[in-house]
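These notes are about the structure you will find just below.
The values are calculated or read from the model by the stated rules, or taken from the named source; none is laboratory data. Quick caveat, the model's predicted, so the values are computed rather than measured. Glycine gets a Cβ as well: all are built from the backbone with ideal geometry, and neighbour counts include every protein chain shown.
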Amino acid sequence: MNNHTNLHTSIDNDAIPIKIDAVITGAGFAGMYMLYKLRNLGLSACIIEAGKNVGGTWYWNRYPGARCDVWSMEYSYQFSEELQQEWEWTEKYATQPEILRYANHVADRFDLRKDIYFGNRVHSAIFNDDSNNWSIKTDSGLEFLATFCIMATGCLSSVNQPHFQGIDNFKGEIYHTGNWPHHSVNLSDKRVGVIGTGSSAIQTIPEIAKSVKNLLVFQRTANYTIPAHNEFFTPDFIKEIKSDYKGLRERGKMSRGGTAILELNEVNAVDVTPEIREKEFEKRWQAGGVSFMGAFQDLVVNPDSNKTAADFVRKKIQQIVIDPDIAALLSPKNIIGCKRLCVDTDYYETFNRENVKLIDVSSDQIEMITHDGIKVSGNIYALDVIIFATGFDAMTGALLSIDIKGKNNRSLSEKWINGPRTYLGLQTEGFPNLFTITGPGSPSVLSNMMVSIEQHVEWISDCISFMDREGYTSIEPEMDSEDKWVNHVNDIAGKSLRSTCSSWYVGANIDGKPQVFMPYIGGVPTYREICEKIVANQYEGFILTK
Ligand code: NAP
C-alpha cells in the first residue's frame, strides 16, 4: 500500500518531533492489537506506555488473588488461529501472572516491542488545525506528530485513591490493588486493613487472610458475589475446545456479553414457580461465575424478579457465614447486578476465620487515617498495612488525565463536562482522527473486553484502510449523529435496573464526576450490527474530508 494518499509517513526516530502515521497510547490488549493491525496496513505506528512492560490492567493489578472472571479460553485474542492453538490456558479463570505471561507471549510472537516506548506517559495530545495532525507529548520529553491518535488507555486504569485526612502520617505500608508494587510484598503475620469490598477486594481478601496475622475489612457497601468454582483444564477438554475454537468464538460474538458460556435463559423469573426459580438459581450457583445473572431474562429489568435472585444469594450468605450478625452485614441490600457482580473463591467463608473481622463503615464512615491505623467512630484500628481496594475513575478517568485538545483548541474535559459524548464510543465530534478503543458509549465493560477490543480495533483499522483507499485524510462524527447516539445510549440504559444505583458505571464513586451511565447496554451483537451498517452506508454519521 502507500500509493494512494498522504496518510503515510516513514518514521524517523532521530527527528524531534517524531513524525509518524499513528500514535497509540497504552500497551494493554487493545494497544497491542492496534499496533499489529496498523503495521499490517503498512502504516508507521508506535505505542506509548507508562509501564515498563506490556499487559495494561494485568501489568498494574498484580495484587494477591488477582484473576480474570471471564473464562480464559474466551478472555484471549481470536484474531490469530495459530496463536489460540499454540497457547495453553491452564485454568478456567486465569490468574494475573498467567494472563501477563500471555500478553508477553503476544508481544514477542508478533515482535511488537520494537515499536513500544515503555516508561513514557502521554501528558498531552493537541490537534493542529493547520496541518491536520496531532502533536502528542510525553512527560519524558518525547514529542510525536501523528495523523491518527488512538487511545487504548483502558476503562479501569486510573485508580481511585480516596484522600483520607492524615494518610501521610500512617507509619505502616499503604498499597492500592490497582497499582500493586512489582516487588514482592510480605504480608505474613501483619495486621492488615482492606478498604473496599468490590471485585478486587473480594478476590484478594480470601487470599491474604491465609497468611496475615489479622485482617480487618472496612465495608461501606456489601456486594453480591458468586462462587467461581474455578478448576484446572484437562488435556482432553482443551483438545475438544481447540477442535472448534472458531465455533466457540462465533457463539461468543453472538451473545450479549461477548462470551459463549454466559447462556441466557429466555424466561422471566416472575413467570415461573418458586421451585423452578430456586432450581435454576441453584444450578447457576453451582456452575459459578457471572452467568448467574443469565438465570432469567428479566433480572435486570424487573425489580420483583431481581429480588428473587437477590434473596437467593442472601440466603446462601446466611448458610455460609456462621455468625448471623456478620452474615447480615455481608448481605447486600441493593439490586443484584446493579453494581458489577463479583466472582470469588471462598469470600463469604473467609469471614468464618478467627483472624478476619468485618468493620461496617456504611453510616459511620472512615474518619481519618492516623499514625497507627484507621479511625472509625472514635475507635482506632491498629494496622501495619492498609490496602486500598477502592477501584477506579472508570471509562473517562484515563482519557481526561491527558490534556486532549481538538479543533479550535477545545479541550476534551470541557466538552465532556456533563459526561462523555461519543459516536459509538469510537470518536467524539471536534476531535478528528482521534479514536477511543472501548470508549464510553460502547459495550466495553459490559462485555468480554477481549471481544469488544478486537471489534473496535478491526473497525478502526478498516476505517483507516478505507480512508487510505479513497483519499480521505480526516474523519470525525457529525454533531447530530453524536447527539443521537448519546441519547440512544441513555435511553436504553434507563430501561435497565443497572442504571439505578451508585456504581462506577455511572461515575458515582468519584466526587464531582457527572453521573451518566457510560457503557452501551444494548449488547455486543446489536452494537456490532449497528457499526457494520454504518460502514456499509459509507460511514454514515461521520464527516470524511479529503
Ligand atoms: P469497585 O468495584 O469500585 O470497588 C471499590 C470498593 O471500595 C467499593 O466497595 C467501595 O464502596 C469502596 N470504597 C471506595 N471509596 C471508599 C471510601 N472512601 N470509604 C470506604 N470504602 C470505599 O473497585 P474494584 O473492586 O477495583 O473493581 C472495579 C472493577 O474492576 C470491577 O467492577 C470489575 O469490572 C473490574 N475488576 C475485574 C476483575 C475480574 O475478575 N475480571 C477483578 C477486579 C476488578 P462503595 O461500594 O460504597 O462505593
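Within the stretch 392-435, can you find the residues that are farther than 26 Å from Asn61 by Cβ, among the aliphatic types (A, V, I, L, M) and part of a strand (DSSP E or B)?
Leu434
Pick out the one residue from Thr390, Thr370 that is under 26 Å from Ser188 (Cβ atoms), surrounded by fewer than 23 Cβ atoms within 10 Å (Cβ to Cβ) and touching a helix residue (DSSP H, G or I) at 6+ places or on another chain (Cβ under 7 Å). So that I can check it myself, show each step before the final result.
On the way: Thr390 fails: touching a helix residue (DSSP H, G or I) at 6+ places or on another chain (Cβ under 7 Å).
Of the residues listed, the single one that is under 26 Å from Ser188 (Cβ atoms), surrounded by fewer than 23 Cβ atoms within 10 Å (Cβ to Cβ) and touching a helix residue (DSSP H, G or I) at 6+ places or on another chain (Cβ under 7 Å) is Thr370.
Are there any pairs with C-beta distances below 8 angstrom linking a residue in the stretch 50-66 that is within 17 Å of His105 (Cα to Cα) and modelled with pLDDT of 95 or more to a residue that is more than 14 Å from the ligand (Cβ to nearest atom) and among the charged types (D, E, K, R), with the two at least 6 apart or on different chains, and if so which?
Close Cβ pairs satisfying both conditions: Val54/Arg113.
Where residues in the stretch 135-156 are part of a strand (DSSP E or B) and either over 30 Å from Ser447 (Cβ atoms) or in contact with a Gly (Cβ under 9 Å, 6 or more places away or on another chain) (or both), which of them is farthest from the ligand (Cβ to nearest atom)?
Leu145
If we keep just the residues of the stretch 214-251 that are of a type in the set (Gly, Ala, Ser) and within 16 Å of the ligand (Cβ to nearest atom), which is nearest to Ala327 (Cα to Cα)?
That would be Ala222.
Of the residues Ser481, Ser502, Ser465, Ser452, which is assigned to a loop (DSSP other than H, G, I, E, B) and either surrounded by 14 or more Cβ atoms within 10 Å (Cβ to Cβ) or of a type in the set (Asp, Glu) (or both)?
Working: Ser481 fails: assigned to a loop (DSSP other than H, G, I, E, B); Ser465 fails: assigned to a loop (DSSP other than H, G, I, E, B); Ser452 fails: assigned to a loop (DSSP other than H, G, I, E, B).
Of Ser481, Ser502, Ser465, Ser452, the one residue that is assigned to a loop (DSSP other than H, G, I, E, B) and either surrounded by 14 or more Cβ atoms within 10 Å (Cβ to Cβ) or of a type in the set (Asp, Glu) (or both) is Ser502.
Out of the stretch 224-259, which residues are small (Gly, Ala, Ser) and either within 24 Å of the chain's Cα centre (by Cα) or part of a strand (DSSP E or B) (or both)? So that I can check it myself, show each step before the final result.
Within the stretch 224-259, the subset small (Gly, Ala, Ser) is 228, 243, 247, 252, 255, 257-258.
Across the stretch 224-259, the qualifying residues are Ala228, Gly252, Ser255, Gly257, Gly258.
Out of Asp344, Asp323, Asp304, report the one residue that is within 22 Å of Thr197 (Cβ to Cβ) and over 28 Å from the mean Cα position of the chain (by Cα).
On the way: Asp344 fails: over 28 Å from the mean Cα position of the chain (by Cα); Asp304 fails: within 22 Å of Thr197 (Cβ to Cβ).
On inspection, the qualifying residue turns out to be Asp323.
Being more than 9 Å from the ligand (Cβ to nearest atom) and modelled with pLDDT of 95 or more is the filter here; which residues of the stretch 498-511 pass it?
Passing the criteria: Val506, Gly507, Ile510.
Counting only residues that are in contact with a strand residue (DSSP E or B) (Cβ under 7 Å, 6 or more places away or on another chain) and more than 16 Å from the ligand (Cβ to nearest atom), which one in the stretch 170-180 is farthest from Leu100 (Cα to Cα)? Talk me through it step by step, then tell me what you get.
Taking the stretch 170-180 and keeping what is in contact with a strand residue (DSSP E or B) (Cβ under 7 Å, 6 or more places away or on another chain), we get 170, 172-179.
After this cut, where a residue has to be more than 16 Å from the ligand (Cβ to nearest atom) as well, the list is 172-173.
Working: Gly172: 29, Glu173: 25 Å.
Of everything passing the filter in the stretch 170-180, Gly172 is farthest from Leu100 (Cα to Cα).
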